[in-house]
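> One structure is given below, represented as structure tokens, and several questions about it will come after.
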Amino acid sequence: MLGTVFNIQRFSLFDGPGVRTVVFLKGCPLRCVWCHNPEGIDRNPQIMYDPKCCIACGDCAEACLKHRHFFAGGLHGYVREGCDGCGKCAKVCPAGAVTVSGQLMDTDAVMAEVMKDGSAYRMSGGGMTLSGGEPLYQGEFALSLLKSAKERKITTCVETCGYAKAETVKEAAKYTDDFYFDYKATGNGMHKRLCGVTQTLILENLSLLCGLCARVTLRCPIVDGMNDIPEHIEGIAYTARDYSCIKEVHLEPYHRLGISKAEKLGQAAAYDGRPPERGRLEEYCGRISELSGKPCRIS
Amino acid sequence: MTDYKRTDEKFEFSPRMARVKADIMPRLLPQSAREDTVCNLCEPGGRNPFLDVFLEMPDAPHVIAHANAIVRSWLTTPAVIFPDEALVGIPRPRYPMMEHFSWGIVGAHSVYQTEGMTKEEQDDLYNRINPLDWTYFCKEADLLFGSRENCDIVSDDCIFSAGGYQGHTVPNYFTLLENGLDGMLELIDKFAARNNRDQATRDFYEANRIIIRGMSDWLMLYSHKAAELAKEEKDAERKKQNEDIAANCAFVAHRKPVTLYQAVQLMWTLAVWDWCDCLGRADQYLYPFYLYSKEHGDVISVEESITSIMFKIWEFGAHNITMGGVKPEDGTDAANELSYMFLQILRSIHDVHPRMAVRIHENTPDELMDLITAMWSEGMSDPTVVSDVNAIKGLTDIGVPLEDARTYCTLGCQEIEIPGKSNFGCEDGTFNVAKVFEIAMNGGRSIKHPDKRVGPVTKEFTECETFEEFFDSFKTQLEYYTRVFVYLCDRGQEMRGANFAKLVKTPFTDGCLEKGIPHDCGGPVYNYGVVETAGVPPTADSLTAIKKLVFDEKRISKETLVAALSANFEGYEKERQLLLNHAPKFGNDNDEADAMAVRVLDLFWTECGKYKSVRGDVYTGACSLLTGGIAYGRSMGAMPDGRFAGEPLGNSMGPRPGADRCGVTAMLNSVAKLPLHKGVGGTTLNVVLTVKLLSNPDIRKSIAATVKNYMLTGGQLAQITTANVEDLIDAQEHPERHGDLIVRVGGFSTQFVQLGKDVQDEIISRYNGETA
């Protein structure tokens, strides 16, 4: 089974219990304005170019069959239109200035990488976490990874925005110990405006997981000037209260790591704000736990 | 605090100990100055008691005069008892001559400043003090390399430093505490009767008696001093304290200790006489006394006894204490209440001393792991952790019986040895593998002396048709330099042996009395040699890069590479980027890169293991150098791993700074693939973790599991430094704000701001891409 993976991050300590390896799958149905993994949106491999690393050797221009890289006056130009992401330029670039985000890998290859930390998982109760993009967007591949992980007796987590086919969610629940389920906006209008899709399907999937007695942690990005409003904070609290499968709520303050990645993809970041104040988040945590009766913390 | 396993509470010092602590603080100065400061208190009027003895005993054999000189220098040092302290004894000053940590008596040249002697008399005296001196070593070296000139070239190239320098070892505190000092005399008599071979042997045993009697006299000196102070003291509590000290010192001056208070006073006596060297498994040998005092009561509480010994170690900087691990008899967990108590006291002292290591094995209790990670999370870089699996395997592989191997401890700069039974010669020499690689690249010549060839002739790099052909050249050079290196190490040991450098350790090291042979001449049960190794990761990465980019893919020609290296990559940035980014590097769990590191390290340590030291056992590997990696790096040209000339070679066993980019577990896996068990002498790995990461108890559990996993899957020694990367960077700019930021460097913990910029940079670059 083949899928497109854009990163495999080992020694991840904040994406589930114990020591974990996070596998990032490419492709996402949402278009959140504050996206912190912009290279995870497109399903296909993409060229990333970092001018800071370029030593202007010209090798990429020579390698590119479509002439997307060019040099003028010692400066490197790269035109994205017409580029099919074949990666020949990245292969020759000595300095790592041109790279490909997204690699076609089969299940065994991913699992081989994941299992390099097998003994650390056993010692710590850790395992594999699927993330993205939206990991369930490549549904079949995600399921095959989860099944393989379970065959290897390691714990599994899925970080999902919840926007996926019901069958995929249902099947994934069989092989997933913990879901980290995003809750980004309250109400279809707000959700559509901030994330590009409505919330209906997401909430249906959350109900579905509750029906299956899955273990769910609600993950809520808090973005200043976007969803940092009282109605949404209440929305988080009531959702946490009403859905029985939610064990805990994590507030995730916005961070700026996505901006430089967007630049390397030749995109302007749609949102360029500051992380919210700690004190305010703590206040939210208090209110959410109070209203929902469930633990809430800042992650 | 009643439960020493708790991490949410801290150990509180008793009011008396809190006063002692407050008293010690102002006496503590930066590490290097500590010894001098206290010793200045008792400068004996410019006299040199060491030399006095040799002058007074013109006809005595060297070993007898030497023993007397040691004793005299202790007994002429005034007894200093600080207010409120329960445990007494300070080190003696560094006289112009001292007996320890060298090839013989340090400062013997001061003989030539002695007035009223003819040159001939001075020569005689000098030869008596130093039967074998440095000129012996130099002559041997000249012979070895054919000429003085060749010898100078080798030393100028900084390929190695041979001949040994100090040799930390841990004396047998079990023997001391089980026998007491009078019991030691009986032991000496018993073996003297058995080995009544000749006058030299009789002199040897007599020298041992002189040392032991000296220790008794020194304790009585303190006993009298305390009694005097008690007499003058008006305050009833203090009077009682001094009377207790007087009684305690008088008791252990001859008899074997019964209570913990007695045991720690006797233990400290040997520790200071042993020049504050390493203390071994203190939680094990003090445990019976702890149990006794806990059950039957003691003059001071058990907490005060352990606090007192820790304070002494803190103030005078004894090197290393080891906790936990397995029991020798059955391999079960040896951690006890004392292990926790020692660690809690260290945690409450919160300084760079005392330095502690905890031995980790499969059944190390979770509470102990929690305490260790809690200490790290508070910004301490102690304790270091050591793997029982790896260390014990390494020791049994070279022939140590399992029961002895299980008693190992760490000492010095994280070396490993069997306490009370060995002289592992730490360190017999240091060796820079990267320099040999450089010489192999140049067909046997160094870049500093391109017209001269000292070692064997091997092919120029450009003449090599295949990678294996080049590797063979490297191997040939490595074999040659290993051979000359161990030869010179042996000569250094001969010098130490002839000079009886360590008479205090001798009676307390198993084997010496039994055989009638001193500590440095092969007397101990175990006499392995230790080769501190530098430069393996950059050498391995260079070889990998050459193999892949020059020989396999031919992306860089041999000629271009040679030109790029000799230009220090100036005008060759593209080649440098290729070398950096297109060849895998050690430290990323990449099999190709890691296999090369295994190959290089195994080659070198196996080569060392072909030679036996003159003390009697084979040379083994070790790697706990940081500053060595920096100093050796300065003498190096550019390397094919993309490293510029003069940059550090990397510290100890870890990847070259910045080369590991796949996270901590990948780095640990890479290092664990190395044959670290062959580094019996001890192989340190430095890991820097941020305080922020460790502040979360759940994350601490994961870190503990990661470390334990490393310990069980091939890792040997790890020292964790905790800090925020921002802290470190800020500390470079504003040292005044970060005086308390503790980092661990190679074998020692120190304030970050006291380090040189290059060492600081190297620590900062160890961040493994982790976000702070």
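> Any idea how far apart B:E120 and B:Q199 come out in nm if each label point goes 7 Å out from Cα toward Cβ?
2.3
> Size of the dipole of the protein assembly as shown about the Cα centre, Lys and Arg at +1 and Asp and Glu at -1 on the beta carbon, nothing else charged, in debye to 20?
1860
> Still on this structure: Can you give the % of DSSP beta bridges in the protein assembly as shown that are antiparallel, to the nearest 5?
Close to 40 percent.
> Given H placed on each backbone N at 1.01 Å, which residues far from B:I360 in sequence or on other chains put an amide H within less than 5 Å of it?
The list, which skips near neighbours in sequence, is B:V386, B:S387, B:D388.
> Still on this structure, please answer the following. Indicate the gyration tensor shape class of region B:282-358 (rounded, prolate or oblate), computed on the Cα atoms with a ≥ b ≥ c the square roots of the eigenvalues: a/c under 1.5 is rounded; otherwise a/b larger than b/c is prolate and the rest oblate. Walk me through the intermediate numbers first.
Details: a/c = 2.17, a/b = 1.12, b/c = 1.94.
Here region B:282-358 falls in the oblate category.
> Just to confirm the number: angle between the C-alpha axis of helix B:337-349 and the first principal axis of chain B, 0 to 90 degrees, nearest 10?
Result, in degrees: 80.
> Taking loop as defined by DSSP and a crowding limit of 16 other beta carbons within 10 Å, which trypsin sites (Lys or Arg not before Pro) in region B:371-457 fit?
Values: sites: B:K393, B:R406, B:K421, B:K435, B:R445, B:K448, B:K452, B:R453; in loops: B:R406, B:K421, B:K448, B:K452.
Sparse-neighbourhood loop trypsin sites (Lys or Arg not before Pro): B:K448, B:K452.
> Which lysines have a Cα lying under 17 Å from the Cα of B:K190, excluding residues fewer than 8 positions away in the same chain?
Answer for B:K190, where 17 Å is the Cα cut-off: B:K515, listed by chain and number.
> Under the rule of -39500 (n - 2.57) per DSSP H run of 4 or more residues, summed and divided by the residues of chain B, what mean residue ellipticity at 222 nm is obtained, to the nearest 500 deg cm²/dmol?
For chain B, the value works out to -15000 deg cm²/dmol.
> Tell me the angle of helix B:15-24 to the major Cα principal axis of chain B, expressed in degrees between 0 and 90 and rounded to the nearest ten.
Between the helix axis and the principal axis of chain B, the angle is about 60 degrees.
> Taking the number of other C-beta atoms within 10 Å as the exposure measure, put B:E592, B:E415, B:E367 in order starting with the fewest.
So the ranking, lowest neighbour count to highest, is B:E592, B:E367, B:E415.
> Starting from the Cα of B:K548, draw a straight line to each of the lysines and keep only those under 23 Å, dropping any in the same chain fewer than 8 residues away.
A:K88, A:K91, B:K435, B:K459, B:K475, B:K558, B:K574, B:K585, B:K673
> What is the fewest-to-most order of A:Y254, B:Y487 by other Cβ atoms lying within 10 Å of their Cβ?
Starting with the residue having the fewest Cβ neighbours, the order is B:Y487, A:Y254.
> Nearest 10 degrees is fine. How inclined is helix A:200-211 to the longest principal axis of chain A, computing both from alpha carbons?
That helix lies at roughly 60 degrees to the long axis.
> Take every DSSP beta bridge with both residues inside chain A and express the antiparallel ones as a percent of the total, to the nearest 5.
Restricted to chain A, the bridges split so that about 40 percent are antiparallel.
> So, one more: Using only the Cα atoms, what convex hull volume per residue in Å³ does region A:1-58 have?
172
> Given 10 °C and 1.306 mPa s, compute D for chain A with the Stokes-Einstein relation, Rh being the Kirkwood radius over Cα pairs; round to the nearest whole µm²/s.
Details: Rh = 20.3 Å.
The diffusion coefficient I find is 78 µm²/s.
> Something else now. Against the 2.2 N^0.38 Å scaling, with N counting residues, where does the protein assembly as shown land? I'd like the Cα-based Rg ratio to two decimal places. The partial results should precede the final answer.
Working: Rg = 32.7 Å, N = 1071, 2.2 N^0.38 = 31.2 Å.
That works out to 1.05 for the protein assembly as shown.
> A:E151 label point, 7 Å along Cα→Cβ, cut-off 15 Å on backbone N: hits in region A:109-135?
Within reach of a label on A:E151: A:109-115.
> In whole angstrom, how long is each semi-axis of the equivalent ellipsoid of region B:137-202, when you take the square root of 5 times every eigenvalue of its Cα gyration tensor and sort them from largest down? Walk me through the numbers on the way to the answer.
Working: eigenvalues 388, 70, 7 Å².
That gives 44, 19, 6 Å for the three semi-axes.
> Using the Kirkwood radius over Cα pairs, work out the Stokes-Einstein diffusion coefficient for chain B at 10 °C and 1.306 mPa s, in µm²/s as a whole number.
Answer from the Stokes-Einstein relation: 58 µm²/s.
> Follow-up. Report, in listed order, any pair from A:K261/B:K547; B:K452/B:K547; A:K170/A:K192 with a Cα-Cα distance greater than 30 Å.
A:K261/B:K547
> Of B:K21/B:K231; A:K147/A:K294; B:K10/B:K393, which sit over 32 Å apart, Cα to Cα?
Exceeds cut-off: B:K10/B:K393.
> Here's something else I'd like to know. Sort B:L125, B:L668 by Cβ crowding within 10 Å, fewest neighbours at the top.
Ascending Cβ contact count within 10 Å gives the list B:L125, B:L668.
No value in this document is a laboratory result; all are computed from the given coordinates. Here the structure is a predicted model, which means the values were calculated and not measured. Glycine also receives a Cβ, built like all others from the backbone with ideal geometry; neighbour counts cover every protein chain displayed.
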